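The values are calculated or read from the model by the stated rules, or taken from the named source; none is laboratory data. What you see is a predicted model; the values in this text were computed from it and never measured. Every residue, glycine among them, receives a Cβ derived from its backbone with ideal geometry; neighbour counts consider all protein chains shown. Protein only, heavy atoms only, side chains kept; ligands, DNA and RNA dropped before computing areas. Shrake-Rupley method; radii C 1.70, N 1.55, O 1.52, S 1.80 Å.
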Amino acid sequence: QVQLVESGGGLVQPGGSLRLSCAASGIIFKFYAMSWYRQAPGKQRELVAGITSGGATNYADSVKGRFTISRDNAKNTVYLQMNSLKPEDTATYYCNGRLMAAGFWGQGTQVTVSS
């Protein structure tokens, strides 16, 4: 049974930082491309950052220079370090794992940026 479990969300003030984690089980993690998506109320889900099995990364323009995605294959975990957070970063953040036609989602973790 495949599970992706996100953690690390919460309430933070503008300019603050959070680190999200996504722990995977039931897959051979090192072969999977992993991504973080987010969805704000009334908006479509959007890609935030991705990392390939080889470690190449890509970011949405809105988070470049502020967010960093990384992975630890020994721990079957992908991270999203979020710095200089803005109110517009408020959303539910989802972890996604993908290998060819197979894709899996986590349940999401809420991030709220507010003073």
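Please give the length that would be gained between Phe104 and Arg66 if that part of the chain were fully extended, namely 0.36 nm times their separation in residues minus their C-alpha to C-alpha distance (nm, one decimal).
Residue separation times 0.36 nm, minus the Cα-Cα distance, leaves 11.1 nm.
Ranking request for peptides 10-19, 93-102: highest mean number of other beta-carbon atoms within 10 Å first, then the rest in descending order.
By packing density, highest mean first, the sequence is 93-102, 10-19.
So if each residue of separation counts as 0.36 nm, and I subtract the Cα-Cα distance between Ala56 and Lys43, what length gain in nm does that give?
1.9 nm
Enumerate the calculated ³J(HN,Hα) couplings along the stretch 92-105 in order (Karplus 6.51 cos²θ - 1.76 cosθ + 1.60, θ = phi - 60°), each rounded to whole Hz, writing x wherever the residue is Gly or Pro.
In residue order, the calculated couplings are 8, 9, 10, 9, 10, x, 9, 9, 6, 8, 8, x, 9, 10 Hz.
Tell me, what is the percent relative contact order of the chain, built from C-alpha pairs under 8 Å that lie six or more residues apart?
36 percent
Please list, in order along the stretch 54-61, the HN-Hα scalar couplings obtained from phi with the Karplus expression 6.51 cos²θ - 1.76 cosθ + 1.60 (θ = phi - 60°), rounded to whole Hz, x for Gly and Pro.
x, x, 6, 10, 8, 9, 5, 4
How large is the accessible surface of Trp105 in square angstrom, using a 1.4 angstrom probe and rounding to the nearest 10?
For Trp105, solvent-accessible area is about 120 Å².
Put Thr57, Thr77 in order of accessible area, largest first, 1.4 Å probe: what do you get?
Highest to lowest solvent-accessible surface, that is Thr57, Thr77.
Would you rank Ile69, Ile28 by solvent-accessible area, highest first, keeping every protein chain in place and using a 1.4 Å probe?
In descending accessible area the options line up as Ile28, Ile69.
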